[in-house]
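Following: one structure in structure tokens, then a few remarks.
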Amino acid sequence: MEILVCVKRVPTVGGVLTLTADERAIDTKTSGFTISPHEECAVEEAVRLVERFGGSVTVASLGPVAAEEQLRACLALGASAAVLLETADGVETGPIATAAALHALAAAGSFDLVLLGNEASDTGDYQVGIRLAHLLGRPAATGIKAISVSGSSLSASRTYRGVVETFTLPLPCVVTVKEGINLPRYPSLPGRLRAKRASIARVPVAGSGPVTDVLMTRLRVPAAPRKQATVLGRGAEAVPALVSVLAEIGVLS
Amino acid sequence: MTVFCLAELDGDAVADASLRALTFARGLAASAATGVAAVIFRAPDLALPPELAAYGAGDVFAVAGVDGYAPQAWGRALAELLDGAASSPGHVVVAAGTERGHEVLAHLGAITGLPLAANCVAASPAGAGGLEIVRQRWAGLLLEDAALDAPAALLTVATDAVAPEPAAEPGAAVVHAVSPSVSDADLVVRAAESPASAGGASLATARVVVGGGRGVGSADGFAPLEELAGLLGGVVGVSRVVTSEGWRPHSMQVGQTGTKITPDLYLACGISGAIQHFAGCAGAKHIIAINTDPSAPMMTRADYAVVGDLHAVLPALIEALRARALGGVCLAERVRERA
């Protein structure tokens, strides 16, 4: 199987989110970068499918040159080639333009399967995979928590409101996955060494002209909704107060 | 303009997430002096879910001829509906920010070339046919103010940020039967449904969630949490470390990459409160935290906090609730005896 996995470089967020002075991005002076847990699982799933059926995994990212760091991390996990769809530093690419750029790459190769995370952890647009599938003219399934391949068809399932939904897709197709589909491996030492030396293809993404998309004006950190907590007490001694609160909230029948 | 709202059905009722979407759609429609038209995928001759009128739907488009759930066919049907709607500009299509809502509107966006704003918390008309929106990024840890200027606007609603509110005046809910012309290609991907193997109650819709984190200590450590959840008619949810440790499956994870919950009570036990966890539980009406560390983020951001080891607090709490229930039964018996 030839598999393309699309990943996105995003800041590692820990305790507090702070914004840049122009309120258009997260201040990353003190943070590292990563890819979303969904995407880590997409890479792992691709590597497992290739270990089973043969073929190769190509990983692609649309982003600045610095996103090579994330591509190398994916190479260390078992991807065999990486492509950077290079954008200018500090430029945010919306979902419509992102899907178009990924389409140019995906259509040029002969991939049996394109895997993405269900949504990027930063912008959370929930649409790039489906827009890409339409551009490629291929079927898509999203939010997937289990994949199995047999012959020329792929079975993808997820749980929705307590019901397991299983979709059967002919290959080639596009699937977006969620964390929990697998437990990603840690990179091996040989994998890391190989990733360090690997060459990464760079394809500049030209500004594709004006695209009508959601136009961000500014970002805000929502005001912390919770007041200082009322301390009910220490240890088991707090239980009577705790029971009163439960009764007050109305969760005791 | 019309505000269309995809109403997902849960059995014969409108799904809770879609009640929130209908509430959002009604607010937007009111600020634009227009009405809400609900869209359901069900034969028009079946009895209408009463929630549609209660939540203010003036019209209901009942889409027939698409059996079961086929995301691209649902997107195609919405595209046809939009295409056939009055030629006034600025129609809006709203759906709940659920897996189905997101993917159906993404298909609609791909079919029509229209932009889609996911997980909106507010929207209001701005200029000729445009919208000003506020949407969630980072699963709600950040808000984005944005402008949406397109021939029609596609929005999903952040279901943890909008509470369901019935309309002051019920809508007329006039039913219009719709039979879209979907192609075979639109029907290639369709859901085959089977009951989930484990866990009946759903984390996403539970009224009470008892959360467990690193402080639970082991897979076996969840026994008191499960017992308490049972007593409160709730379910157990976990933080990411618990699934990474393999103590509980990922399906129980609350957070940015797990499930977003909207219970009346979230009782967080031994959870320090990483920012990604808050993204999943910020929609809880009340949060009570139990933790040995009083300075843990979960403790400071909760409504109520108990400083202590959950393995000491929970057994005492369970005992107190049992005694209380028993007391209630005894009291009832005494009342019956007296009567």
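The values are calculated or read from the model by the stated rules, or taken from the named source; none is laboratory data. Quantities reported herein were computed from a predicted structural model and do not represent experimental measurements. As a convention, Cβ positions derive from the backbone with ideal geometry for all residues, glycine included, and neighbour counts pool all protein chains shown.
Just a few scattered comments:
- Against the numbered list (1) surrounded by 13 or more Cβ atoms within 10 Å (Cβ to Cβ); (2) more than 10 Å from chain A (Cβ to nearest Cβ); (3) at pLDDT below 95; (4) over 22 Å from the mean Cα position of the chain (by Cα), B:VAL162 comes up short only at (4).
- Taken over the stretch A:7-32, the residue count meeting the criterion of being of a type in the set (Gly, Ala, Ser), more than 14 Å from A:SER121 (Cβ to Cβ) and touching a helix residue (DSSP H, G or I) at 6+ places or on another chain (Cβ under 9 Å) is 1.
- Of the listed requirements (1) within 12 Å of another protein chain (Cβ to nearest Cβ); (2) basic (Lys, Arg); (3) more than 16 Å from the chain's Cα centre (by Cα), B:ARG207 misses just one: (3).
- Qualifying residue in the stretch B:95-117 (condition: facing chain A (nearest Cβ under 10 Å), without any contact (Cβ under 8 Å) to a residue 12 or more places away in the chain and in a helix (DSSP H, G or I)): yes
- Being outside the structural domain of B:ARG20 (by TED's automatic domain parsing) and modelled with pLDDT under 95 is a property that holds for B:GLY273.
- Residue among B:GLU169, B:GLU193 that is of a type in the set (D, E, K, R), surrounded by fewer than 18 Cβ atoms within 10 Å (Cβ to Cβ), touching a residue at least 60 places away in the same chain (Cβ under 8 Å) and more than 8 Å from chain A (Cβ to nearest Cβ): B:GLU169
- Qualifying residue in the stretch B:66-86 (condition: under 25 Å from the mean Cα position of the chain (by Cα) and assigned to a strand (DSSP E or B)): no
- Listed by position, the strands (runs of 3 or more DSSP E) inside the stretch A:115-173 whose residues that are at positive phi, buried (at least 24 other Cβ atoms within 10 Å of the Cβ) and more than 8 Å from chain B (Cβ to nearest Cβ) number at least 3 form an empty set.
- The stretch A:52-75, subset more than 18 Å from A:VAL10 (Cβ to Cβ) and among the small types (Gly, Ala, Ser), residue surrounded by the fewest Cβ atoms within 10 Å (Cβ to Cβ): A:GLY54
- Test: residue in the stretch A:177-190 that is part of a helix (DSSP H, G or I), small (Gly, Ala, Ser) and surrounded by 12 or more Cβ atoms within 10 Å (Cβ to Cβ): no
- Residues that are of a type outside the set (S, T, N, Q) and either closer than 14 Å to A:VAL43 by Cα or in contact with an Asp or Glu (Cβ under 6 Å, 6 or more places away or on another chain) (or both) within the stretch A:175-190 comprise A:VAL175, A:VAL177, A:LYS178, A:GLU179, A:GLY180, A:ILE181, A:LEU183, A:PRO184, A:ARG185, A:TYR186, A:PRO187, listed in sequence order.
- Some residue of the stretch A:225-235 being more than 23 Å from B:PHE278 (Cα to Cα), at the interface with chain B (Cβ under 8 Å from one of its Cβ atoms) and in a helix (DSSP H, G or I): yes
- Scoring B:ALA150 on the criteria (1) without any contact (Cβ under 8 Å) to a residue 60 or more places away in the chain; (2) assigned by TED's automatic domain parsing to the domain that holds B:ALA25; (3) under 26 Å from the mean Cα position of the chain (by Cα) leaves a single failure, condition (3).
- Tally, over the stretch A:105-114, of residues that are touching a strand residue (DSSP E or B) at 6+ places or on another chain (Cβ under 8 Å) and either in a helix (DSSP H, G or I) or within 11 Å of chain B (Cβ to nearest Cβ) (or both): 2
- Breaking point among (1) within 25 Å of A:GLU165 (Cα to Cα); (2) modelled with pLDDT of 95 or more; (3) away from chain A (no Cβ under 14 Å), for B:PHE4: (1)
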